[in-house]
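This report concerns only the one structure given below.
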Amino acid sequence: MSRFLLPVYQTMEVYTPGEQPRDRTYLKLNTNEFPFPPAPAVVQAVAAEADALALYPDPTCKALRQSLAERHGIEWEQVFVANGSDDILNFAFWAYGGAKTAKFPDITYGFYTVFAQLHQVPCEQIPLQEDFTVNWRDYLTGEGMVVLANPNAPTGLALAQGEIEAILSANRQRVVVVDEAYVDFGGESVLPLLRQYDNLLIVRTFSKSWALAGGRLGYALGSRELIADLEKLKYATNPYAINRMTMAAGLAALEEDTYYADCCHEIAEIREDTACSLRRLGFFVLPSLTNFLFVRHPQIDGGLLYRMLKEKGILVRHFDSLRIRDFNRITIGTGEQMEQLVTAITDCLQEVAST
Ligand SMILES: *Cc1c(COP(=O)(O)O)cnc(C)c1O
């Protein structure tokens with residue numbers, strides 16, 4: 001850190017992304033990426049667009065927003081696209097945070113606290129219940145924004161639409177951000193609530209269910225007014241944030257939606273099989289509506305299992321924080337990859353038992 005950095009940023013904590021090591025080839029089950037390749041038409045669209053790289057992309061992103069709007073049955077002015085959904089969350093805290101206390105769960109996507117700090121938004125991190133569910137009643141009061149990942153990460157558990165509606169209607173003078181990063185793996189979207197609630201901002205990403213984590217593409221759905229706010233901040237920072245190739249990839253992916261829907265369906269099936277296998281090995285496995293499982297074993301601590309698997313060439317996620325230290329979050333890969341995982345975990349358990 002230089003002596004020039006403003007004091008307010010000197011103590012700021014930043015987000016720790018899951019590791020992306022380059023020292024050897026790992027089976028990566030740590031950052032919830034899509035285990036299948038993008039549809040061939042997406043790769044072709046990206047290659048074709050490279051010819052036009054000398055020219056700026058369309059800053060309005062109109063074609064992509066129109067395609068997303070059609071898919072969700074809304075107007076294109078109700079769709080915002082950004083360079084990953086992290087950018088949208090950043091804009092949301094920036095636009096709607098202010099001095100009022102923002103509320104989100106204590107165990108949720110780690111970036112929320114980072115954005116709150118960055119924009120100096122006071123926040124209340126409300127403890128999940130003993131069973132790791134969100135108690136929606138905790139979010140009925142308060143003036144500041146509410147941010148909920150639904151399904152939640154890293155737990156994989158979700159609130160029902162009616163519970164989120166209760167939060168939305170309790171106070172229409174605050175924005176409720178619903179981060180639906182994982183909704184395509186079996187969750188229930190709050191999209192039908194957009195019509196009635198102009199304080200609802202839905203945030204989605206192409207990183208998890210559209211095989212585009214490397215392309216960086218996220219989108220938000222909301223009232224025209226909310227979307228205009230986000231557009232304003234985008235035009236105040238980086239109007240060309242979505243590059244040509246990413247825009248082409250997103251458009252082509254939406255055309256191939258049945259491919260992605262089939263893959264998501266398959267991932268959900270593999271998830272259930274993997275959950276069964278892990279339970280048979282003695283794991284406590286939270287029921288998941290996402291492309292990951294949150295698991296704990298009585299004989300092996302989360303940090304140890306993480307390290308042992310890493311030695312065997314498999315990366316999973318371990319969060320070294322109080323309530324979830326015993327757990328690991330494991331991304332669902334292909335069927336073959338999950339067999340490899342279960343075999344490796346069986347070996348780990350035997351090694352631990354014999355010491
Ligand atoms: C992965 C993830 C994001 C970030 O997605 P990007 O579009 O890759 O920035 C946002 N929210 C949650 C809950 C996530 O798990």
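The values are calculated or read from the model by the stated rules, or taken from the named source; none is laboratory data. What you are looking at is a predicted structure, and each value in this text was computed from that prediction instead of being measured. Glycine also receives a Cβ, built like all others from the backbone with ideal geometry; neighbour counts cover every protein chain displayed. Side chains are part of the model used for accessible areas, which takes the heavy atoms of the whole protein and leaves out ligands, DNA and RNA. Shrake-Rupley method; radii C 1.70, N 1.55, O 1.52, S 1.80 Å.
Post the alpha-carbon centroid distance, region 127-174 to region 67-115, in whole angstrom. What the calculation gives is 15 Å, centre to centre. Surface calculation, 1.4 Å probe, protein heavy atoms: residue 12 sits at approximately 50 Å² accessible. Among the protein heavy atoms of region 130-260, carbon and sulfur supply 48% of the accessible surface, probe 1.4 Å, non-protein parts ignored. Only Cα pairs under 8 Å and 6+ residues apart enter the sum, and on that basis the relative contact order of region 257-355 stands at 27 percent.
Distance between the C-alpha centres of region 325-355 and region 25-39: 16 Å, rounded to the whole angstrom. Here is how the number arises for the chain: DSSP H runs of 4 or more residues each give -39500 (n - 2.57), the sum is divided by the residue count, and the result at 222 nm is -12000 deg cm²/dmol.
Normalised by 2.2 N^0.38 Å, where N is the number of residues, the alpha-carbon radius of gyration of region 107-172 equals 1.11.
Picking from 250, 147, 169, whose Cα lies most toward the positive end of the charge dipole for the chain (charges on Cβ: Lys, Arg +1; Asp, Glu -1)? Among 250, 147, 169, the one farthest towards the positive end of the dipole of the chain is 147. Amide H to amide H, with H built 1.01 Å from N, residue 292 comes under 5 Å of 332, counting only residues 5 or more places away or on other chains. Dipole orientation for the chain: of the candidates 52, 125, 331, 125 has the Cα lying most toward the positive pole (charges on Cβ; Lys, Arg +1; Asp, Glu -1). The charge dipole of the chain, taken about its Cα centre with unit charges on the Cβ atoms of Lys, Arg (+1), Asp and Glu (-1) only, comes to about 800 debye.
Ratio to report: Rg/Rh of the chain, with Cα atoms as the point set and Rh obtained by the Kirkwood method; give two decimals.
Details: Rg = 20.6 Å, Rh = 21.3 Å.
Rg/Rh: 0.97.
Think of each Lys and Arg Cβ as +1 and each Asp and Glu Cβ as -1; about the Cα centre, that makes the dipole of region 208-306 roughly 400 debye. The loop-placed chymotrypsin sites (Phe, Trp or Tyr not before Pro) in region 201-265, going by DSSP, that have at most 15 neighbouring Cβ atoms within 10 Å of their Cβ come out as 240. Accessible surface calculations at 1.4 Å, restricted to protein heavy atoms, place the chain at 46 Å² per residue.
Coupling constants for region 298-308 follow from the phi torsions by the Karplus curve (6.51 cos²θ - 1.76 cosθ + 1.60, θ = phi - 60°), and in residue order they are x, 9, 9, 7, x, x, 5, 4, 4, 5, 5 Hz; glycine and proline get x.
Over region 189-253, what relative contact order in percent results from Cα pairs under 8 Å that are six or more residues apart?
It comes to 29 percent, rounded to a whole number.
Exposed loop sites are taken as trypsin sites (Lys or Arg not before Pro) in a DSSP loop (any state but H, G, I, E or B) with at most 10 other beta carbon atoms within 10 Å; the longest stretch of the chain without one runs 25-355. The lysine pair tally for the chain, using Cα distances under 27 Å and a gap of 8 or more places or different chains, is 15. Once C-alpha pairs closer than 8 Å and six or more residues apart are averaged by separation and normalised to the residue number of the chain, the relative contact order reads 22 percent.
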